[in-house]
Amino acid sequence: MAKVAVIMGSTSDLPVMQDAIDVLKELGVETVVDIVSAHRTPEKMYDFGKNAHLKGISVIIAGAGGAAHLPGMVASLSPLPVIGVPVKSSNSIDGWDSVLSILQMPSGVPVATVALNGAKNAGILAAQIIGSSNKEIQATIVSYKEFLKDKVIKGAQEIKK
């Protein structure tokens, strides 16, 4: 079974990144979670980036605030798709520093970037990537999208009452 790694720069990012962990669990995707700081544990980050694909990981979701180097640095080391989650942190410039740090990657080092604090979408995107080659996960995504559609239809009906 393909796995998604959800990594973040510090425990302060966990309240945001928990949305990715929760939706991946809901969609039946095996998930590993770790703290991997680009600035405080660069050796660990290097080892993680170079070896994640050897440990059964298929997609990496990396959340970071402030300077937000983690997603890009991991993407520079790994052959896996990396999804960056900019996190609005206490040392952030209203989150824009994180967004731009993750979004503005140089040619050859792509990072798929979701909205500020958009970890849930990162989890869904990771599941969709895995679902492109795993029919079971793909079926779960199809059901999830039907659930979203039904929720909107029910909401519209409620408003009309």
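Compare the Cα positions of 42, 21, 159 along the charge dipole of the stretch 5-161 (+1 at Cβ of Lys, Arg; -1 at Cβ of Asp, Glu; about the Cα centre) and return the one farthest towards the positive end.
So the residue we want is 159.
Tell me, what ³J(HN,Hα) does each residue in the stretch 128-142 have, in order and in whole Hz, if you take phi through Karplus 6.51 cos²θ - 1.76 cosθ + 1.60 with θ = phi - 60° and put x for Gly and Pro?
Taking θ as phi minus 60°, the curve returns 5, 4, 5, x, 5, 10, 10, 5, 5, 5, 4, 5, 5, 5, 4 Hz for the stretch 128-142.
How much mean residue ellipticity at 222 nm does the chain get from its helices, if each DSSP H run of length 4 or more adds -39500 (n - 2.57) and you divide by all residues, to the nearest 500 deg cm²/dmol? If you can, show how the numbers build up before the last one.
On the way: 6 runs with 78 residues, N = 161.
So the calculated ellipticity at 222 nm is -15500 deg cm²/dmol.
For the stretch 12-29, what does the Karplus curve 6.51 cos²θ - 1.76 cosθ + 1.60, with θ = phi - 60°, yield as ³J(HN,Hα) per residue in whole Hz, taken in order and with x for Gly and Pro?
Each residue of the stretch 12-29 in turn: 5, 7, 4, x, 6, 5, 4, 4, 5, 4, 5, 5, 5, 4, 4, 8, x, 9 Hz.
Mean separation of Cα pairs under 8 Å and 6+ residues apart, divided by the residue count of the chain: what relative contact order is that in percent?
Relative contact order of the chain: 23 percent.
For the peptides 132-142, 116-126, 18-28, 40-50, what is the packing order when you average, over each peptide's residues, the other Cβ atoms within 10 Å and list the highest mean first?
Numbers: 132-142: 14.0, 116-126: 23.7, 18-28: 18.9, 40-50: 15.5.
Per-residue Cβ counts within 10 Å, averaged per peptide and sorted highest first, yield 116-126, 18-28, 40-50, 132-142.
For the stretch 49-61, take each phi angle, set θ = phi - 60°, evaluate the Karplus expression 6.51 cos²θ - 1.76 cosθ + 1.60, and give the result in whole Hz per residue in order, putting x for glycine and proline.
Values per residue, Gly and Pro as x: x, 6, 10, 4, 5, 7, 10, x, 7, 10, 9, 10, 10 Hz.
Around residue 63, which amide H atoms from residues at least 5 apart in sequence, or from another chain, sit under 5 Å from its own amide H, with H modelled in the peptide plane?
Amide H neighbours of residue 63: 7, 8, 9, 85.
What ranking of 98, 89, 10 emerges when the number of other C-beta atoms within 10 Å of each C-beta is taken as an exposure proxy, fewest first? Before the final figure, lay out the partial values.
Details: 98 28, 89 21, 10 18.
So the residues, fewest neighbours to most, are 10, 89, 98.
Between residue 153 and residue 93, what length comes free when the chain is fully extended (0.36 nm per residue of separation minus the Cα-Cα distance, one decimal in nm)?
Stretched fully, the residue 153-residue 93 segment lengthens by 17.8 nm.
Rounded to the nearest 20 debye, what is the charge dipole size of the chain about its Cα centre when +1 sits on each Lys and Arg Cβ and -1 on each Asp and Glu Cβ?
Details: 15 positive and 14 negative charges, 78 e Å.
The calculated dipole for the chain is roughly 380 debye.
With label points built 7 Å along Cα→Cβ from the Cα atoms of residue 40 and residue 12, find their separation and express it in nm.
Output for this residue pair reads 0.9 nm.
P(r) for the stretch 23-161: what percent of alpha-carbon pairs falls in each 5 Å bin, starting at zero?
2, 10, 17, 19, 18, 13, 10, 6, 3, 2, 1, 0
Hey, could you get me the Stokes-Einstein D for the stretch 1-80, Kirkwood radius over alpha-carbon pairs, 25 °C and 0.890 mPa s, rounded to whole µm² s⁻¹? Before the final figure, lay out the partial values.
Values: Rh = 12.5 Å.
It comes out at roughly 196 µm²/s.
What lysines does residue 154 reach when the alpha-carbon gap must be under 30 Å and sequence neighbours fewer than 8 apart in one chain are set aside?
Residue 154 reaches 25, 120, 135, 145.
No value in this document is a laboratory result; all are computed from the given coordinates. Note that the coordinates shown come from a computational prediction; the quantities given were computed from them, not determined experimentally. Cβ coordinates were reconstructed from backbone atoms using ideal geometry, including for glycine residues, and neighbour counts include every protein chain displayed.
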